[in-house]
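**Student:** Got a structure here, written out as structure tokens. Questions coming.
The values are calculated or read from the model by the stated rules, or taken from the named source; none is laboratory data. Just so it is clear, the model here is predicted, and its values are computed rather than measured. All Cβ positions, glycine included, derive from the backbone under ideal geometry; neighbour counts span all protein chains shown.
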Amino acid sequence: MIFRTAGGLAVAFVIGFALVAAFWPLQRQRWSDVAVRLALASGIGLGVSSVSLFLTLSVFGKSGGLTIFVDVVICLIGLFAWWLESRRSQYIRATTSSQSAISATKLFLGLAFTAAFAIATIGFGELSALRPHGGPDAWYIWNLHARFLFRGQDLWTDMFSPLLANYHSIRVTGPVSKPDYPLLVSASIARLWNYAGGETLFAPALIAGVFTFSTAALLTSVLVRSRSTTQGLLAGLVLLGTPAFVAQGASQYADVPLAFFFLATLALLYLYDCSQEHGYLLLAGSTAGLGAWTKNEGLMLLVVVLLVRFVANPRPLALRAMLRRNAGLFVGMAPPLVTVIYFKVRFAPPNDMVAGQGLHAIAVRVVTLSRYVTVGKAFVSQVRFFGDWFVPILLVLAFYALLVGGNSRGGDDRLRLSMPLMTVLVAMTGYFFVYIESPHQLAWHLGTSLDRVLMQLWPSALFGLFLLLNTPEEAMKTSAVNGLTALMHEVETLHPAHH
Amino acid sequence: MAALGFTLRVRAGALLVALLAVLSIAHRFPEWLSLPSPNTDHGIQVSAFDSQFKPVLRDLPSHGTVGYVSDELTTGDNRPSFWEFCYIQYALAPLIVVDSPEYPFVIGNFHKPPQANRMSQLKLTLLKNYGNGVMLFRGTSQ
């Protein structure tokens, strides 16, 4: 059963890899390029195949062998697209590395990264073995929905029964099974059970592991590609060194998969802005759409990405020109987004955050000052305790940022570099106001979700920060140049006659 | 000299961040290895209920709604234990479990033997006792 489950994951990986490769610009191949593509492949593959399972089930009322057949067809289409693209494009192998010498710093960071990765992997395995059904939200939302999809077959829509929600609505928290939540994680689990020929607890743990470690791999590799090896290793280390990130991943919550798609979107948009290669834009659109197919918050993040992209533009363009310029983004996000809309319109009940909310009630909450104080305090407390670090990591990073300084490039470069962090800050502001508007008991809502919600943004925040900061090499070079300038100035002062 | 000092500080800063990251993940590691209390940990409880209710699932129809009864509570709150209800719903999906005895099949989840007169008041007929307080009743339709 384990091998068949792993086989199902391998098929998803091939689908993802072929799709990424088909749209990936092949002009300059570097090992970090390959690493980024590998990191993207599993998540995108799982996302695409979860859409196919949902559509198969909703149209034909069964999955099983049909899902596997559809997977194979998508796989072949992806491989064909990749083949066409690779024939058209010209491979240019990377020239010999200009950074062949391994510095002591790089070696130390490499060793530290390996150690953190090993501890995180073993810890993840231990937590998964201890709680194979995951944390409460995992088994009562994602794995429960997976059971409806897999066991229910043509009657899978029973998961939307008001009877299921009714019992729970007597609590202040509302229906805990969240029947309106999108199905990427649940459908991925049900899909692997189809491959395995039965339910295995290995499937949800495997999916959780793939998303957790793909996120770390993506963060590291995309920064290695865009900035430097040391910068990538540092960011990857901070993420892998975040105990709550590993623990939430092992809890099988959908926050880590959403974090993966948000990071992938920002990283691909950055690569597009640097190269103007439309493949990146298409892929960014698809990862943004898959984020919306993962969790409701993904829809908000998608809107935030578009908002920042359209507003923060160095040369203001007319709306039509902006739309034309970002057409690839919309094309990429269309398939998953249409699936989300179909799911929401055809099947899902209204979300408990908006259902039955009158404008008056919302307005009252928005103008209640004490809510701002409560939410503000909760956000500030995260500065001290975020990620379950034994030191306040945000302060450590602030100290490190002061030491190495920000990248001094100006103009478009500066905007490109600061766009991801700007997006994260806007998303965080969005979450702040979601809490202000929350119809639930505020202390309960903050206590049960704020750390998870912020974890959705954490990998992207690290990407944005380390993109913006000087790499250690840049900081040292800057200091050397400054030192030389100071020395020359001193010499000039001591020997003015020479001039 | 100043530049050299700064270079060292940058290098030390990067290494410090790396070291703190390794220590941060390492300091939680022993906690992850230690077993939590099986009575309070949802992850362990849900596994136990999932195994316990597997035989019940075989005796029920593959779809539809089943009722649920639990111990009679002496307090004003007559809701069953919220978490136990959730574990059972999870175990029995895609069946929908409703906190009511007014269904053709009713699941019993008891911590002490149920009193016969209460069961007859609820018009429940025992179909099967699975042990450990897990029972299946025939109830009355709504």
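**Student:** Restricting region A:383-413 to residues that are of a type in the set (D, E, K, R) and closer than 16 Å to A:Leu467 by Cα, which is farthest from the chain's Cα centre (by Cα)?
**Tutor:** A:Arg409
**Student:** Could you say which residue among A:Val238, A:Val224, A:Val256 is closer than 19 Å to B:Ile25 by Cα, in a helix (DSSP H, G or I), away from chain B (no Cβ under 12 Å) and touching a residue at least 12 places away in the same chain (Cβ under 8 Å)?
**Tutor:** On the way: A:Val238 fails: away from chain B (no Cβ under 12 Å); A:Val224 fails: closer than 19 Å to B:Ile25 by Cα.
Every option except A:Val256 fails the conditions.
**Student:** Among the residues of region A:155-166, write down those that are more than 9 Å from every other protein chain (Cβ to nearest Cβ) and under 22 Å from A:Phe60 (Cα atoms). Walk me through how you get there before you give the answer.
**Tutor:** Just the residues of region A:155-166 that are more than 9 Å from every other protein chain (Cβ to nearest Cβ), to begin with: A:157, A:160, A:162, A:165.
Within region A:155-166, A:Thr157, A:Phe160 meet the criteria.
**Student:** Okay, moving on. Looking only at residues in region B:75-102 that are more than 10 Å from chain A (Cβ to nearest Cβ) and surrounded by 18 or more Cβ atoms within 10 Å (Cβ to Cβ), which one is modelled with the highest pLDDT?
**Tutor:** Looking only at region B:75-102, we keep the residues that are more than 10 Å from chain A (Cβ to nearest Cβ), and these are B:75-78, B:81, B:84, B:88, B:101-102.
This time we only want the ones that are surrounded by 18 or more Cβ atoms within 10 Å (Cβ to Cβ), so: B:88, B:101.
On the way: B:Ile88: 91, B:Pro101: 88.
Among those residues, the one meeting the criterion is B:Ile88.
**Student:** Out of B:Leu16, B:Leu35, I need the residue that is at pLDDT 90 or above, over 21 Å from B:Gly108 (Cβ atoms), surrounded by fewer than 20 Cβ atoms within 10 Å (Cβ to Cβ) and out of contact with any strand residue (DSSP E or B) (no Cβ under 6 Å at 6 or more places or on another chain). Which one?
**Tutor:** Working: B:Leu35 fails: at pLDDT 90 or above.
Exactly one residue qualifies, and that residue is B:Leu16.
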